[in-house]
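Everything on this sheet refers to the single structure shown next.
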Amino acid sequence: MRLLDDFRYEQPDPDRFYRALAADSVGQLATYADLDGAALLDVGGGPGYFRDAFQAAGATYWALDADVGELAGLGEIAAGTVVGSGLQLPFRDDCLDVCYSSNVLEHVPDPWRMAEEMVRVTRPGGLVFLSCTVWWGPWGGHETAPWHYLGGQYARRRYRRVHGHEPKNKYGESLFAVTVAAGTRWARRRSAAPDVDLVALLPRYHPWWARWVVRVPVLRELVTWNLVIVLRKR
């Protein structure tokens, strides 16, 4: 509930929202991996909110982002930051203990290619943690929600007409429709391969007793809100 309240401030007060999200992310990730001493890559790390939280947990933190403006959002770009594409990670195979990404998949045109890249750079025994905002959830259109339910392009045009400028997240350019069904298919197909185990597939912000929603077609698209996929490299 606290995160839901902070979520309203993503754009007017990003410091409040992203620091809360970073702290929550460390707590969630720590249930699957020991972060103390881990080499961690944050794909789509942004301006540095997550850096502080993960370094405080003992991780050696690397961030990657394609947007220099995002990386410089808190001032100078910090050491350990890489400018590059999530669709072609500039890291060698099997080099990281943890590969993490929060709410980035919906911003790339080929999300499951990015997911494959994250698996590639993770060492055997390491962890891949993916989290994304799903399209048919209440915040699927980001700042254009709830009008995305009438179509992404319509929601974008309406936002431009009402506010006099484009939204930050432009449907078809920097915002794409990612579904729970697609995420589930990719995770199950990937875990059928000999190099990966599926550790968890769950709604990120739900209590433990409501995790069953990701198994119910149609309902899962509307109420999951944010999908988490956790894999362990063999």
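Readers should treat all values here as calculations from the given coordinates under stated rules, not as data from a laboratory. Note that the structure is a prediction, hence the values are computed from the model and not measured. Cβ atoms come from the backbone with ideal geometry, glycine included; neighbour counts cover every protein chain shown.
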Out of the range 119-136, which residues are under 20 Å from residue 93 (Cβ atoms) and within 12 Å of the chain's Cα centre (by Cα)? 128, 129, 130
Being under 21 Å from residue 58 (Cβ atoms) and either surrounded by fewer than 20 Cβ atoms within 10 Å (Cβ to Cβ) or aromatic (Phe, Trp, Tyr) (or both) is the requirement here; does residue 79 meet it? yes
Residues in the range 32-47: is at least one of a type in the set (Ser, Thr, Tyr) and more than 22 Å from residue 117 (Cα to Cα)? no
